[in-house]
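**Student:** Handing you this structure, nothing more for now.
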Amino acid sequence: MKIISLFAGAGGLDLGMTLAGNEVIWANDHDEDAVATYRMNIGEHIVCGDIEKIPVESIPDADVVIGGFPCQGFSLANQKREVDDHRNVLYKYFLRVVTEKKPKYFLAENVRGILSLGEGKVIKKIVLDFGKAGYDVKYQVFNVADFGVPQARVRVIIAGTRKDLSPHLSYKFPSPTHSKKFKEQGLKPWVSIGEALQDIPDPDLHSSIFPNQVYSKYKVTNRNFTGHRTTDPAKPSPTILARGNGKGGVCAIQHPNNHRRMSVRESAHVQTFPLDFEFVGAMNSCYRQVGNAVPVMFAKCLGEQLKLLED
């Protein structure tokens, strides 16, 4: 299917959609480093700019609109989140494109906190708005570890099917392929971070053949606090973070050996980006791009469900 991607970032969601056999024909993000990363690795079809200022008529028609609208205002980690946080209404620009372009489907990704924001009023409003635009809407919570990603990362996917296609051609969420209780459920076991990183050489001991093998020297403290906890090599990684604004503040997860922070490359590998996918910008900008991304392997699973509808 032909896809429009909003809030594309470095392109984790887009790359997964492409690997599933779809085609992203137009993308947008306002972050210059993320756009440079996208262009280097995925394609020239991304436009750098504020989505609020881009005329909808300049965007091509497509079968699907996808995007992870900014989630900082929704995040459970944001103790000051409010219903009227400006970042929370950016979904309306996603809605504007869907309303005017009338794609067959849309897929929106966000953090779990969106479901409880405003005591559930925000997600109800989002569902109502897209319903008025002509779409049957559903949403589901996923842990990407259930899809072979070596990371415990819980996200909400909001899916819309144009009402003239529903219910016979409605988008169906993918089923898990992995599980913590894999023996009981007949699935594959979760992939641990130790297993995922075992073939990536330590940058302190070997010159790396992979790009972005640099890491934060921020002290490893092993405190019971987000970004500071000990990493268990036998479990999926804690959620890869995207804190900071490119000028500092990004807190990289500890390496499973707990002797240092994970490098940008290692963090990207946990997000299932290919090893030759190169991020552009200063180290903290690269960490942020990685942390904001949808894991490529999970995105591929979402994209395969679209491909089934096309077939």
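**Student:** Considering only 148, 68, 131, give the residue with the highest GNM mean-square fluctuation for the chain, with springs between Cα atoms whenever their separation is below 10 Å.
**Tutor:** Result: 131 has the largest fluctuation of those listed.
**Student:** How much length is gained on full extension from residue 23 to residue 258, taking 0.36 nm per residue of separation minus their Cα-Cα distance?
**Tutor:** So the extension gain works out to 80.6 nm.
**Student:** Tell me the relative contact order for the chain as a rounded percent, counting alpha carbon contacts under 8 Å between residues six or more apart.
**Tutor:** Worked out over the chain, it gives 20 percent.
**Student:** Would you calculate, for the chain, the mean residue ellipticity at 222 nm contributed by helices, counting each DSSP H stretch of 4 or more residues as -39,500 (n - 2.57) and dividing by all residues, to the nearest 500?
**Tutor:** Calculated at 222 nm, the ellipticity per residue is -7500 deg cm²/dmol.
**Student:** Have a look at the DSSP beta bridges in the chain and tell me what percent are antiparallel, nearest 5. Please report the intermediate quantities before stating the final value.
**Tutor:** Numbers: 18 of 36 bridges.
If I count the DSSP bridges inside the chain, around 50 percent turn out antiparallel.
**Student:** Calculate the FRET efficiency for residue 218 and residue 128 from the Cβ-Cβ distance with a Förster distance of 51 Å, rounded to the nearest 0.05.
**Tutor:** 0.75
**Student:** Quick one, could you list the DSSP H helices from the chain stretching 18 Å or more along their long axis (Cα atoms) with average Kyte-Doolittle hydropathy of -1.0 or above? Show your work: numbers first, answer last.
**Tutor:** Working: long enough: 296-310 (21 Å, 0.65).
Going by DSSP H runs, the hits are 296-310.
**Student:** Between residue 39 and residue 53, what is the label-to-label distance in nm when each label sits 7 Å out along the Cα-to-Cβ direction?
**Tutor:** 1.7
**Student:** Another question about this same structure. For the chain, set up a GNM with springs between Cα atoms under 10 Å and report which of 197, 187, 107 has the largest fluctuation.
**Tutor:** The residue with the greatest mean-square fluctuation here is 187.
**Student:** So how do 205, 6, 95, 169 line up by other beta-carbon neighbours within 10 Å, fewest first?
**Tutor:** In order of increasing Cβ crowding within 10 Å: 205, 169, 95, 6.
**Student:** Oh, and also: Distance cut-off 31 Å, Cα to Cα: go down the list 124/183; 138/181; 101/307; 183/219 and report the pairs above it. Write out the running numbers ahead of the final one.
**Tutor:** On the way: 124/183 37 Å; 138/181 26 Å; 101/307 20 Å; 183/219 38 Å.
Correct reply: 124/183; 183/219.
**Student:** Assign unit charges at the C-beta atoms only (+1 for Lys and Arg, -1 for Asp and Glu), then state the dipole size of segment 98-205 relative to its Cα centre in Debye, rounded to the nearest 20.
**Tutor:** Details: 18 positive and 12 negative charges, 154 e Å.
It works out to roughly 740 debye.
**Student:** Once you treat every alpha carbon in segment 198-311 as an equal point and sum by Debye, what is log10 I(q)/I(0) at q = 0.22, 0.23 Å⁻¹?
**Tutor:** Computed log10 I(q)/I(0) values: -1.28, -1.37.
**Student:** Hey, can you grab everything whose amide H is under 5 Å from the amide H of residue 243? Only 5+ residues off in sequence or another chain; H modelled, so Pro and N-termini drop out.
**Tutor:** 251
**Student:** Also, quick follow-up: In a GNM of the chain with a 10 Å cut-off on Cα contacts, which of 240, 193, 209 has the highest mean-square fluctuation?
**Tutor:** 209
Quick note: the coordinates plus some simple rules give every number you see, no bench work behind them. Bear in mind that the values here come from a model prediction, so they are computed numbers and not experimental data. Please note: Cβ atoms are built from the backbone with ideal geometry, for glycine as well, and neighbour counts cover all protein chains shown.
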